[in-house]
């Protein structure tokens with residue numbers, strides 16, 4: 001599926017960058033589903049997103065500056081507010097009316113969980129995923145990373161629900177090469193995607209023994225995972241000592257070939273129990289192992305089930321493909337593939 005060729009995918013919210021990465025002085029560029037954006041903080045500190053082309057002579061607005069919360073074009077100084085409306089043309093006489101046609105397209109833009117979220121359509125099909133743990137004062141939120149990966153969001157999501165790759169991809173972190181048989185899963189399709197539950201035996205290396213405060217060489221992960229269409233997931237892991245480690249991962253589609261991977265976690269312990277730096281280090285090792293393989297896959301992941309071979313543990317990915325195919329059909333679209 002070529003994500004930029006499927007208009008319905010514009011009707012979902014996607015996280016793009018941490019709010020803390022934006023500035024009151026200069027805008028930032030971002031590409032979402034092939035649409036070039038300029039994003040910035042307005043005078044109230046709220047994120048804003050508009051098309052990255054001035055309506056005058058098409059200069060990139062992301063190369064401009066922020067003046068009094070408005071985005072000023074670098075070419076002729078026209079300024080736009082967060083609604084994309086031009087509010088100042090320096091070349092006009094004082095009091096001269098700015099035509100209503102002087103505007104650029106603005107997009108739904110908000111903050112959640114410390115990240116900027118954008119929807120390219122005025123009528124999102126689903127809300128931003130609700131994570132109840134984020135509102136729990138007993139949980140701490142740890143920002144982990146955001147970066148571009150050269151792979152499709154569907155590949156990332158399928159990998160996140162694939163118990164059969166642990167023994168091979170993650171042999172250096174938590175996988176057991178002597179136990180390649182995947183843990184059994186319980187899958188429940190839901191309106192927003194799917195829920196998967198599982199109990200997964202894993203290796204518990206020294207760094208994790210410290211992070212988890214579990215001295216055993218192996219342990220059990222009780223997993224409660226949610227896939228939110230199209231390319232977001234939460235992976236809630238509960239360990240035998242009661243520790244909860246919830247990982248949020250989004251594969252925001254930049255283009256057909258690339259995704260912006262955003263990851264943070266929520267933990268039921270404190271910094272005194274386990275340093276955030278150590279927690280990030282272990283999760284980072286795991287994600288880099290995934291990245292090495294995922295960037296070798298074909299970005300044009302098919303929704304049609306017969307187009308690739310499968311095994312029983314691929315059931316979550318098969319459900320994802322079927323639900324996405326149904327989404328396209330519901331909105332009168334046909335899956336677009338590379339020719």
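The values are calculated or read from the model by the stated rules, or taken from the named source; none is laboratory data. Here the structure is a predicted model, which means the values were calculated and not measured. Methodologically, a virtual Cβ is constructed for each residue, glycine included, from the backbone with ideal geometry; neighbour enumeration extends over all protein chains shown.
Structure notes:
- For residue 126, the criteria (1) surrounded by 18 or more Cβ atoms within 10 Å (Cβ to Cβ); (2) assigned to a loop (DSSP other than H, G, I, E, B); (3) in contact (Cβ under 8 Å) with a residue 60 or more places away in the chain hold in every case but one, which is (1).
- Which listed residue, of 292, 278, 313, is assigned by TED's automatic domain parsing to the domain that holds residue 162, in contact with a helix residue (DSSP H, G or I) (Cβ under 9 Å, 6 or more places away or on another chain), at pLDDT below 95 and in a helix (DSSP H, G or I): 313
- Filtered by the rule that a residue be modelled with pLDDT of 95 or more, surrounded by fewer than 22 Cβ atoms within 10 Å (Cβ to Cβ) and not in a strand (DSSP E or B), segment 217-249 gives 229, 239, 240, 241, 242, 243.
- Scanning segment 234-245 turns up no residue that is touching a residue at least 40 places away in the same chain (Cβ under 8 Å) and more than 19 Å from residue 133 (Cα to Cα).
- Candidates are the residues of segment 2-37 that are in contact with a helix residue (DSSP H, G or I) (Cβ under 8 Å, 6 or more places away or on another chain) and part of a loop (DSSP other than H, G, I, E, B); the one that is farthest from residue 229 (Cα to Cα) is 27.
- Of all the criteria given as (1) closer than 25 Å to residue 102 by Cβ; (2) in a loop (DSSP other than H, G, I, E, B), the one not satisfied by residue 40 is (2).
- Check on residue 19, crowded, with 19+ Cβ neighbours inside 10 Å and modelled with pLDDT of 95 or more: no
- Out of 81, 88, sole residue that is over 30 Å from the mean Cα position of the chain (by Cα) and touching a residue at least 12 places away in the same chain (Cβ under 8 Å): 88
- Residue in segment 302-320 that is within 26 Å of residue 211 (Cβ to Cβ) and surrounded by 21 or more Cβ atoms within 10 Å (Cβ to Cβ) present: no
- Residue in segment 326-336 that is outside any helix (DSSP H, G or I), modelled with pLDDT under 95 and not assigned by TED's automatic domain parsing to the domain that holds residue 262 present: no
- Here 37, 71, 41 are screened, and the one residue that is in the same structural domain as residue 115 (by TED's automatic domain parsing), in contact (Cβ under 8 Å) with a residue 60 or more places away in the chain and under 27 Å from the mean Cα position of the chain (by Cα) is 37.
- Against the list (1) touching a helix residue (DSSP H, G or I) at 6+ places or on another chain (Cβ under 9 Å); (2) at pLDDT 95 or above, the condition residue 164 fails is (2).
- Within segment 61-83, the set of residues being in contact with a strand residue (DSSP E or B) (Cβ under 7 Å, 6 or more places away or on another chain), surrounded by fewer than 19 Cβ atoms within 10 Å (Cβ to Cβ) and part of a loop (DSSP other than H, G, I, E, B) comprises 83 only.
- Pick from segment 205-216, criterion in contact (Cβ under 8 Å) with a residue 12 or more places away in the chain and outside any loop (DSSP other than H, G, I, E, B), ranking: surrounded by the most Cβ atoms within 10 Å (Cβ to Cβ): 211
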